[in-house]
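Following: one structure in structure tokens, then a few remarks.
None of the figures in this text is laboratory data; all of them are computed from the coordinates on show. The structure displayed is predicted, hence computed values, not measured ones. As a convention, Cβ positions derive from the backbone with ideal geometry for all residues, glycine included, and neighbour counts pool all protein chains shown.
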Amino acid sequence: METLSAAERRRRARVESVIRIISPGLDLILAVGDRVSRIVEREDPEYYPARVEGMELAPPPARERG
């Protein structure tokens, strides 16, 4: 990977700071969407909850073949 110029480093820092600022809002949108989808369709056989840091991943449930 090539070394970034000063302008590229500044641009990268700006983009990363914008992402850092809006990430709580994006997390909120995802959480609201998750809740709404659970209310709209309570039984979803292919639902996989979002990963949370520090939690061990469970293997996906086995699908029935018909």
Item to check | ³J(HN,Hα) computed for each position of segment 8-13 - Karplus, 6.51 cos²θ - 1.76 cosθ + 1.60, integer Hz, glycine/proline x | outcome: 5, 5, 5, 4, 4, 4
Checklist entry - If the viscosity is 0.890 mPa s and the temperature 25 °C, what Stokes-Einstein diffusion coefficient in µm²/s follows for segment 1-42 when Rh is the Kirkwood radius over Cα pairs? => result 192
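What is the magnitude of the charge dipole of segment 1-42 about its Cα centre, with +1 placed on the Cβ of each Lys and Arg, -1 on the Cβ of each Asp and Glu, and no other charges, expressed in debye to the nearest 20? Kindly include the intermediate steps, with their values, before the conclusion.
Numbers: 9 positive and 6 negative charges, 29 e Å.
Dipole of segment 1-42, to the nearest 20 debye: 140 debye.
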